[in-house]
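Report on the following structure.
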Amino acid sequence: MSESTGKAGAAELFPPERLARARQAAEDAGLDALLVSPGADLRYLTGYQALPLERLTCLVLPAAGDPFLVVPELEKAAAEASPAGALGVEITGFAETDDAYAMIARRLPPHVTRFAVDNHMWAEKLLAFQAALPAAQAGLAGDVLSVLRMRKSPAEVEALRRAGAAIDRVHRRIGEWLRPGRTEREIGKDIADAIIAAGHATVDFVIVGSGPNSASPHHEVSDRVVKSGDPVVVDIGGTTPDGYCSDSTRTYAVGEPPAAFRELYEVLLAAQTAQTDAVRPGITAEQLDAVGRDRIAAAGYGEHFIHRTGHGIGLETHEEPYIVTGSARPLEPGMAFSVEPGIYLPGRFGARIEDIAVCTEEGGERLNLTGRDLVVLPG
């Protein structure tokens, strides 16, 4: 439990009724049990940020019966001190010589024929469960849990709002570090330090793409020296003590950029603004993607928008829903996701603008509030 959430905050972020909803969703899907190991799914259901160890930690959620959490004996105190300890869930420890998989198999009903594991469970653990439950078919719990996780509660939205404000504070300071003569790596280190200082618990990524590197969407940092006239893409994010993530991109120029870049940027800004304005219940993910993609294509840059418009965000930086061509999923209140179109001209320059948006009953809310106009820093 973080100091920032406190007991009341933890109860709001990780309410006990989630377990009941997940159990019902598993039953509706024809599953006999969900088996959830350390990761975002376990934290979502219990609030427990367990260490991913070679020893098994597993939440067992039978479709019929009470849930229980199995942990190594040496981790039991940590589990009990986490928000999981306040949920009324039985926490069972096992010794070094115990077979935790067999222990769980014995406690499940004898008629188990289908179980599902979280999508990030280690392969060796899945194989051990299959050996312990040889008559049962294994599947992915993500098919059940992602539907629950993508609709954020008011407490989760507030946690994302805090995360967005924290990363905005870092973007407002970029001019302190981004200047000619410094390397991307040097600038990235300063930004990483600021991400922690702004209230994050961890730094998840820092992209500083200058000049031609700005045309590579997943460029991180390099020893390239920033030069006057460079466009610079700065995409940064971290995880707060609450467990919720931030992610925001702004594109800067160090000194006056080329006229062709300014033209590109104005097209991108119009597209991203139209997309954030279009967020509302009922619009599908692919329709929202098209709002920006069609504008970019009409301006002649269609082949240079090479990725989806966005991804869901919450306890993970990338989760459902994905805002992408081919997804007919309608947006619903509580869904949180990035809106981040980009235009990239290989070998020359590129730009991306990214805000986290939340679908509300009335439309949409941007959680990143720094200006989206091109910021030209001294060159």
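The values are calculated or read from the model by the stated rules, or taken from the named source; none is laboratory data. None of the values given here were measured: they were computed from a predicted structure. Quick reminder, even Gly has a Cβ in these numbers, built from the backbone with ideal geometry, and neighbours come from all protein chains shown. Surface accessibility is based on the protein's heavy atoms, side chains included, excluding ligands, DNA and RNA. Shrake-Rupley method; radii C 1.70, N 1.55, O 1.52, S 1.80 Å.
Structural remarks
- Tilt relative to the chain, helix 17-28 - C-alpha long axis, 0 to 90 degrees, to 10: 80 degrees
- Antiparallel %, DSSP beta bridges [both residues in the chain], to 5: 75 percent
- Heavy-atom accessible area order for ILE196, ILE296, largest first, 1.4 Å probe: ILE196, ILE296
- Computed from the Cβ-Cβ distance with R0 of 35 Å, the FRET efficiency linking ALA274 to SER228 stands at 0.65.
- For region 41-160: rounded, prolate or oblate by the Cα gyration tensor [a/c cutoff 1.5]: oblate
- With the highest mean first, a sort of the peptides 187-194, 102-109 on other beta-carbon atoms found within 10 angstrom per residue produces 187-194, 102-109.
- Taking each DSSP H run with n ≥ 4 as -39500 (n - 2.57) and averaging over every residue of the chain yields -10000 deg cm²/dmol at 222 nm.
- In nm, spacing of pseudo-spin labels at ALA299 and ARG329 (7 Å Cα→C-beta vector): 2.8 nm
- Leading residue at positive end of dipole, region 101-230 (Cβ point charges), from ILE196, MET150, ILE167: MET150
- Helix axis angle, 285-298 relative to the chain longest principal axis, alpha carbon, degrees: 20 degrees
- Modelled spin labels at SER153 and ASP204, positioned 7 Å past Cα toward Cβ, are 2.0 nm from each other.
- Gap separating the Cα centres of region 179-204 and region 105-122, nearest whole Å: 43 Å
- If R0 equals 56 Å, the separation of the Cβ atoms of ALA131 and LEU345 corresponds to a calculated FRET efficiency of about 0.60.
- Computed about the Cα centre, the dipole magnitude for the chain is approximately 520 debye when only Lys and Arg (+1) and Asp and Glu (-1) carry charge, each at its Cβ.
- Potential lengthening between ALA197 and ALA138 on full extension [0.36 nm per residue; Cα-Cα distance subtracted]: 16.9 nm
- Rounded percent of accessible protein surface that carbon and sulfur make up, region 278-379, 1.4 Å probe: 50 percent
- Taking the Cα centre of region 248-379 as reference, the dipole from Cβ charges on Lys and Arg (+1) and Asp and Glu (-1) amounts to some 380 debye.
- With every protein chain in place, region 1-125: carbon and sulfur % of accessible area (1.4 Å): 52 percent
- Å² of accessible area per residue within the chain, as computed with a 1.4 Å probe and no ligands counted: 41 Å²
- Separation of alpha-carbon centers, region 146-169 and region 11-82, rounded to whole Å: 21 Å
- Compared with the dominant principal axis of the Cα atoms in the chain, helix 259-278 is inclined by about 40°.
- Span from the region 246-322 Cα centroid across to the region 323-362 one, whole angstrom: 6 Å
- Within the accessible area of region 163-226 (1.4 Å probe), percent carbon and sulfur: 51 percent
- Three-way shape call for region 45-100 based on the alpha-carbon gyration tensor, with the a/c threshold at 1.5: oblate
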